[in-house]
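For reference, the structure discussed in these notes is given below.
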Amino acid sequence: MKQITGFILVLVSIFFASCASEKFTEEQKSYTLPDKYEKISQPGLIYVSHISNDFVTVLDPAEMKMIGQIPCGKGSDVSIVSSDGTRGYIANFNSNDVTVYDTKTNKTVATVKTGERPSALLELPEQKKVLITHQSASGLFILNTENNSASESSEFCTGPMYYLKNKGKIYMPQIFNPYIYVLDPLTNRITGKIETGGRPMAMAFTTDNRFGYLANYDSTEVAKIDIEKDSVIFKIKNIPSPRGITITPDNRYVLVTNVKDNSLTIIDALKDEVYKTVHGLLMPTFVVITKDGNFAVVSNQGAAKLSIIDLKEFEIVKSIDVASNPISMFVDNR
């Protein structure tokens with residue numbers, strides 16, 4: 001338990017150290033955007049969590065501007081929108097709860113207490129559940145989406161979750177130990193482990209779910225995972241400080257944020273080697289791709305900005321001011 005606590009302190013210090021010296025504008029300190037906006041609940045919007053604030057902000061990628069915000073608990077760490085688009089869920093890292101809201105109004109429907117430091121959410125719509133993991137000694141929580149009640153399971157998991165429906169598996173990099181856990185989505189029990197070394201941070205998968213790519217922070221590399229074999233088959237080196245990861249819709253490129261190196265690595269997935277490095281970021285933590293597949297959006301936690309990257313030239317084409325500490329993003333790809 002002490003080892004886990006130590007890792008948490010290190011991880012939190014990585015996320016906040018660069019931000020302490022940043023100077024934010026008054027607008028960024030007390031960021032105000034409307035709770036209701038013209039495109040509320042429309043598919044394609046990008047939801048930005050701010051771990052030092054009590055709201056999630058909304059980016060309209062069609063116009064590349066912030067259009068609204070959603071109130072929540074303290075320290076929004078990650079958010080998702082349900083597959084039917086009726087509910088949103090926000091994990092609040094500092095108030096140890098999850099905000100459930102109505103996506104048509106952005107009004108809170110329920111505040112559900114969870115374990116300490118909730119930091120990842122995964123909806124299982126067929127089971128009417130949302131799984132919650134924590135960056136703490138708390139176990140896996142299961143939220144019943146019909147009555148908004150939550151219970152703690154016997155499984156201990158700490159990282160983000162990825163549901164591969166056609167494989168019948170959930171993959172969970174563990175952050176505090178060198179494994180990816182494999183979870184059965186029906187029983188919510190751990191059925192296997194993939195040893196990775198380092199500190200697994202995040203994953204991305206090819207569209208056919210044949211391969212997964214793991215951002216492995218301590219090992220300065222990205223590991224390629226064979227999903228059928230559940231094993232590491234290749235390690236792509238020279239990735240300075242991998243934190244967030246995604247894959248372009250054509251499966252050609254893997255994009256990796258380097259949180260300490262202030263850069264974005266572009267990996268050629270056909271050759272499994274570094275293709276290009278994009279500089280000019282500041283403590284980039286997360287990267288997503290717009291629904292149309294034309295742009296990548298990077299959250300710069302150390303600069304309170306989103307960087308927009310053109311996926312043809314892999315160049316930064318726009319910078320958008322946001323509230324402080326943007327840490328993660330969710331694209332509503334319905």
Check: Applying the selection to the stretch 73-87, what residues are within 15 Å of the chain's Cα centre (by Cα) and either on the phi > 0 side of the Ramachandran plot or not charged (D, E, K, R) (or both)?
Finding: G75, S76, V78, S79, I80, V81
Notebook entry, point to check: So E313 clears everything in (1) surrounded by 15 or more Cβ atoms within 10 Å (Cβ to Cβ); (2) more than 18 Å from the chain's Cα centre (by Cα) except one condition, right? Which one?
Noted result: (1)
Notebook entry, point to check: Among the residues of the stretch 101-117 satisfying the criterion of being in a strand (DSSP E or B) and either of a type in the set (A, V, I, L, M, F, W, C) or on the phi > 0 side of the Ramachandran plot (or both), which is surrounded by the most Cβ atoms within 10 Å (Cβ to Cβ)?
Noted result: V112
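Can you find a residue in the stretch 243-251 that is under 22 Å from Y162 (Cα atoms), basic (K, R) and surrounded by 18 or more Cβ atoms within 10 Å (Cβ to Cβ)? Spell out the reasoning first.
Our first condition is that a residue be under 22 Å from Y162 (Cα atoms); within the stretch 243-251, this holds for 243-251.
Those left that are additionally basic (K, R): 243.
Keeping just the survivors that are surrounded by 18 or more Cβ atoms within 10 Å (Cβ to Cβ) gives 243.
Scanning the stretch 243-251, I find at least one residue that is under 22 Å from Y162 (Cα atoms), basic (K, R) and surrounded by 18 or more Cβ atoms within 10 Å (Cβ to Cβ), so the answer is yes.
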Next item on the list: Quick one: count up the residues across the stretch 74-100 that are crowded, with 22+ Cβ neighbours inside 10 Å and part of a loop (DSSP other than H, G, I, E, B).
Entry: 2
Note to self: Name the single residue that is farthest from the chain's Cα centre (by Cα) among those in the stretch 269-304 being among the basic types (K, R) and either at pLDDT 95 or above or on the phi > 0 side of the Ramachandran plot (or both).
What the structure shows: K271
Notebook entry, point to check: Got at least one residue in the stretch 125-137 being under 15 Å from N177 (Cβ atoms), touching a Cys at 6+ places or on another chain (Cβ under 8 Å), crowded, with 18+ Cβ neighbours inside 10 Å and not acidic (D, E)?
Noted result: yes
Notebook entry, point to check: When I40 is evaluated against the numbered criteria (1) surrounded by fewer than 19 Cβ atoms within 10 Å (Cβ to Cβ); (2) among the aliphatic types (A, V, I, L, M); (3) closer than 22 Å to V287 by Cβ, which criterion, by number, is the only one it fails?
Noted result: (3)
Note to self: So for the stretch 134-155 (the condition being charged (D, E, K, R), under 16 Å from G73 (Cβ atoms) and outside any loop (DSSP other than H, G, I, E, B)), does at least one residue qualify?
What the structure shows: no
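The values are calculated or read from the model by the stated rules, or taken from the named source; none is laboratory data. None of these values were measured; they are calculated from a predicted model. Counting neighbours? That spans all protein chains shown, and the Cβs are built from the backbone with ideal geometry, glycine included.
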